[in-house]
Amino acid sequence: MTILEAIRSRHSVRRYKAAPIETELIEKLNQEITACNEESGLHIQLILNDPECFDTLFAHYGRFENAVNYIALVGSGPKDEVYERCGYYGERLVLFAETLGLKTCWVAGSYGKGKCKAVVNDDEKLACVISIGYGATDGVPHRSKPVSKVCNVKAEEMPDWFREGVEAALLAPTAINQQQFLISLADGEPVIKAKRGPYNRIDLGIVKYHFEVASGRKCK
């Protein structure tokens, strides 16, 4: 499975099989996490076999089941900038996990932040976590806004690469499926900005990653 195929096939999953992740896959995940950390300066960590992090009222309300493994997104710097980087590289890991046959779910509020086993240094922030494991289901597609609601470029004026990027951006997971972003063109280059909304900077990073993978162009 390619990353583009993973963008189309991946859906949020909160129910997992009670089976440990295979050692070979753990090694591949950690290799990719190391690559992301080296490239981004983040402190992303894979935490395994921790039943406490999702042992909260909100997690039970969110219907998490057998969620004992997660990726903790940690970094230092200004909050908005850290959250955007965490979204970007977190989604890179989410789609990589999909290619390995693992399922994931972005989790910003439905976990015990104080129970998280990740190492968070004094100058760092824990942005959110991503649950990961063998899915008990494959999840379901989320509803997307029409292109005109997230993009101010007229359909007849869109280059093919831009259209492909927008379509991939609409498949990106966002907090409560808000899709609070705007994609435009400035001097022929793509620009994506976050609108107001909860966790909008994490969402911005996620959306940028989708757009860049599909379009082959870097976003401002």
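Since every read-out is calculated from the coordinates, none of them should be taken as a lab result. All values reported here derive from a predicted model rather than from experimental measurement. Cβ atoms come from the backbone with ideal geometry, glycine included; neighbour counts cover every protein chain shown.
In summary, the chain shows an alpha-carbon radius of gyration equal to 0.99 times the 2.2 N^0.38 Å reference for compact globular proteins.
How many percent of Cα pairs in segment 147-215 exceed 21 Å? Beyond 21 Å sits 15 percent of the P(r) for segment 147-215. The Cα-based radius of gyration of segment 48-111, divided by its Kirkwood radius, gives an Rg/Rh of 0.99.
The gain in end-to-end length when the Gln31 to Asp160 segment is fully stretched comes to 43.1 nm, 0.36 nm per residue minus the alpha carbon separation. Note on Glu5 and Ser148: the model spin-label points, each 7 Å out from Cα along the C-beta direction, lie 3.6 nm apart. Considering only alpha-carbon pairs that sit under 8 angstrom and 6 or more positions apart, the relative contact order computed for the chain is 25 percent. Computed over every Cα-Cα pair of segment 29-155 and binned at 10 Å starting from 0, the pair-distance distribution P(r) comes out as 12, 40, 32, 13, 2 percent.
Listed by Cβ neighbour count within 10 Å, with the fewest neighbours leading, Trp161, Trp106 appear as Trp161, Trp106.
Where only DSSP H runs of four or more residues are counted, the chain gives -11500 deg cm²/dmol as its mean residue ellipticity at 222 nm, each run worth -39500 (n - 2.57).
Our coupling estimate for segment 126-135, obtained by passing each phi through the Karplus curve with A = 6.51, B = -1.76, C = 1.60 and θ = phi - 60°, is 8, 6, 5, 10, 10, 5, 8, x, 7, x Hz, Gly and Pro reported as x. When Lys117, Lys125 are arranged by Cβ crowding within 10 Å, least crowded first, meaning fewest neighbours, the order is Lys117, Lys125. Only lysines eight or more places from Lys193 in sequence, or on another chain, were considered; those with a Cα closer than 26 Å are Lys79, Lys125, Lys145, Lys149, Lys154, Lys208, Lys218, Lys220.
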